Amino acid sequence: MSEPKEAKRASETETLTSGQRESKQGTDGLSRRTFLEVGSAGLASAALASLAVNAQERADTEKADQDHSSSNPGPENKPLLDENPNSNLPPPTDHGHIEPIWYSFDLTTKRVEEGGWTNQVTERVLPNSKDLAGVRMRLTAGSFRELHWHTADEWSIMLYGNARVTCLNPDGTIFIGDVGKNDLWYFPAGFPHSIQGLEPDGCEFILVFDEGSFSEDNTFLLSDWVRRTPPSVLSKNFGLPTSALKNLPNRSLYIFPADLPKSLAQDKAAVGGRRAESPIEYTFKMSTMAPTQQTKSGEVRIVDSRNFLASKNIASALVIVKPGGMRELHWHPNASEWQYWIAGKGRMTVFTSEGARTMDFNSNDVGIVPAVAGHYVENLGNTDLMFLEIFKANQYMNFSLNNWLRHLPPETVTSHLNLDADTISKIPSQALDIVPG
Ligand code: MN
Ligand code: MN
């Protein structure tokens, strides 16, 4: 690169490092002098050039944020702006057009039935969510999510209360189990299953399906099949007189109240005991699992097909970030990431080849990170932040930026980032997942 060109770019760099919100007048001489000093330190001119461009953008945005440029004399939805200040006036490092990375279950309609309700966040409202869709459901004590099956695999985590679930295998064995808070279940596509709320107050859970366009309204219901089949055919199929079938339901049950079940032991005995018992466990006690990764600033629990064998197509991580902590800069090579925010208050920035985008998140929100996009999550509140990272994948996979930088020859990192070897050695060498604030 020729000397004059470098000098020009260096002067742009200086404009931003020294005088971000000031007038650019009078900085030229200074910047050239600074450039010569910097140049003698042997910094890579290519890196400098890109720094200069970024810094100029940042300086312009910061200036615009501070002065009258960002004022809005027109109408505003103040509550919405207060919820998501980083979307309205993004950090100056944000750039480019990235599809929305945020939605909330609290923006969706609830389908309320006697016995509970459901709502969903799918690709229809969050276009980037192509691999997975989420459904939230509440069942009061005794109430059923009707016996059914569907085209997608179903992963779930219990958020509140207790439920009894059943799932039939093609070999005729059946799984019956109870789940409590933070426990999981997994039902493969096409496998028929049921969910029933238990005492004292039923349950509430999140379901995640491995189809972005999945809809809870399009499942195969037992009640629908029997009312779409002629009584004479049902009579022949069941080996029962039609007179015995006169009380079959004539509408979709979907969610409906029922008596509480007997004990788990009694239910298992009633279906044939050990002889009929599923060899596959379709539930997983995440509530009693030790953290996969732990630092003083948080914990991560990873569940995928390696420790929950039934969970063949969905991998998950339950992440807790303490106040001030941060889920470090990282990405996942094998899938997009669908998030459910359980508790606390945070901010996520997603980096793609298009740029970067930041949004704020609160409990009951959904986040989406496009496949392989870099991202980090900061806890901005004064309570623990808890969220789920869900992937349409057989195994959880993660790349940590720190881990990468510390496993390269230091000279390679110096050439790229202008950090000396001593400074580089202070970056954590392992993927910590959660770094302190
Ligand atoms: Mn289901
Ligand atoms: Mn992630």
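Where a number appears in this text, it was derived from the coordinates with a stated rule and is not lab data. All figures in this text were calculated on a predicted structure; none of them were measured in a lab. Note that each Cβ is placed from the backbone with ideal geometry, even for glycine, and that neighbours are counted across all protein chains shown.
Data table
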quantity	calculated
Prolate/oblate/rounded label for the range 289-435 (Cα gyration tensor, a/c 1.5)	prolate
Nitroxide proxy distance, nm - points 7 Å out along Cα→Cβ at Asn169 and Ala258	2.3
Given charges at beta-carbon only (K, R positive; D, E negative), |dipole| of the range 280-415 in Debye	220
Other-chain or far-sequence residues with amide H under 5 Å of Ser336's (modelled H)	Ala371, Lys392
Burial ordering of Trp338, Trp331, Trp102, fewest other beta-carbon atoms within 10 Å first	Trp331, Trp102, Trp338
Taking Thr173, Thr423 and counting other C-beta atoms within 10 Å, the order from fewest to most	Thr423, Thr173
³J(HN,Hα) computed for each position of the range 187-197 - Karplus, 6.51 cos²θ - 1.76 cosθ + 1.60, integer Hz, glycine/proline x	10, x, 3, x, 7, x, 8, 8, 9, 9, x
FRET efficiency for Val233 and Arg111, using Cβ-Cβ distance with R0 set to 35 Å, rounded to 0.05	0.70
Taking Ser316, Ser311, Ser69 and counting other C-beta atoms within 10 Å, the order from fewest to most	Ser69, Ser311, Ser316
